[in-house]
1. With (1) surrounded by fewer than 23 Cβ atoms within 10 Å (Cβ to Cβ); (2) within 24 Å of A:THR197 (Cβ to Cβ) as the list, and A:ALA77 as the residue in question, which single condition is left unmet?
2. Considering only residues of the range A:182-193 that are crowded, with 19+ Cβ neighbours inside 10 Å and not hydroxyl-bearing (Ser, Thr, Tyr), which is farthest from B:ILE67 (Cα to Cα)?
3. Could you list all residues from the range A:12-61 that are polar (S, T, N, Q) and more than 23 Å from A:GLN174 (Cα to Cα)?
4. Test A:TYR63 against the stated conditions and say whether it is more than 12 Å from chain B (Cβ to nearest Cβ), in contact with an Asp or Glu (Cβ under 9 Å, 6 or more places away or on another chain) and either at pLDDT below 95 or over 22 Å from B:LEU70 (Cα atoms) (or both).
5. Given the criteria in contact with a Leu (Cβ under 8 Å, 6 or more places away or on another chain) and either more than 26 Å from B:MET69 (Cα to Cα) or crowded, with 16+ Cβ neighbours inside 10 Å (or both), does A:VAL153 qualify?
6. Return only the number of the condition from (1) within 14 Å of chain B (Cβ to nearest Cβ); (2) under 28 Å from A:ILE202 (Cβ atoms); (3) loosely packed, with under 15 Cβ neighbours inside 10 Å that A:LEU12 does not satisfy.
7. Output the residues belonging to the range A:27-50 that are in a helix (DSSP H, G or I) and surrounded by fewer than 17 Cβ atoms within 10 Å (Cβ to Cβ).
8. Among the listed residues A:ALA53, A:ALA61, A:ALA78, which satisfies the condition of being more than 30 Å from A:GLN30 (Cα to Cα), touching a Cys at 6+ places or on another chain (Cβ under 6 Å) and in a helix (DSSP H, G or I)?
Amino acid sequence: MTRYFTPLAFLLLVLFAAAPVVIAGTPYEQTMGLVQKIFYFHVPSAMMMFVSAFVCGIASAIYLFRKSAKADRLALAAGELVVTFGLIVMTTGPLWGRKAWGVWWQWDAKLTSALLLWMIFIAYLLVRRFGGPGSEKLGAAMAIFGMANVPFVYVASMYWRTLHPAPTVVPSLQPGMRGAFWFCVLSFVLLYVLILTLRRRIEDQQAQVDQLYLALED
Amino acid sequence: MKQRLVMIAVLVLVAGALVLAQPPQAPPATPDGFVPVNSLPQAEQLPAAPMVIAAYSVVWVVLIAYIWMLWRRLSKVERELADLTRRVQDR
């Protein structure tokens, strides 16, 4: 791995250790109170879920059209991260919603489309794991479809009537909340880059192992 | 026959009028009836702290578990790679 991995990992630890202190120092939201503080991890997780869906989709497209095995390995790594960050979003969201809205879940456009996005990438991982020969191409097509779903999830709360706040909440954050929010976003971006690097290294080394097995058989 | 029918009709109409003329009875007061309020008293609202603690715990547990799983997989594949490299070189 690159020589920057260890110092960046240390920086990440420092950021995540400081995050609770930073979040505790933010003001309470007027109507939701304490429970609104879930926002500082929920939204960055959702952002990383969307970013990873794009990385997976674009890498899958490169694999399909240029037959790049390297792109395919990156797509698989990113697909796993969509599911991981999606799990965080799908659990922190209902915990917040139960207090803020009085319900764990609502079948509105935003939540339903986010759940579908998550399920598409769960299906992507299942196809890649159990699909056998040719599953890379089928999975790549699914990833492109999943990536196309992301804009719908993003605009769902703007164009349809939903309980979920619109993305315009972020630009309108108060100064006391804005700093903490972008601090958490930066932490999650660094976390995402490091985890993706780690995950991709596993795939790269597995590919080398497969090559060596073939060389031994020869 | 016709007179009998007329008498029955008149009796039904009079009975209906008498019923409608009764003042509506107030429903009996029940101790557990629905009483609408605009906002719940503080003591009955769902506490926020458990939700916040649960949410942050989920984040930490998922991330730590996933990173630990990745570290294990990476160690395993690196061992396998080192072993295979040695075997190829020994050939």
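The values are calculated or read from the model by the stated rules, or taken from the named source; none is laboratory data. Quantities reported herein were computed from a predicted structural model and do not represent experimental measurements. Heads up, the Cβs are rebuilt from the backbone with ideal geometry, glycines too, and the neighbour counts pull from every protein chain shown.
1. (1)
2. Residue satisfying both the conditions and the ranking: A:CYS184.
3. Scanning the range A:12-61 gives A:SER52, A:SER60.
4. yes
5. Answer is yes for this residue.
6. Every listed condition holds for A:LEU12 apart from (3).
7. Scanning the range A:27-50 gives a single hit, A:LEU34.
8. Every option except A:ALA78 fails the conditions.
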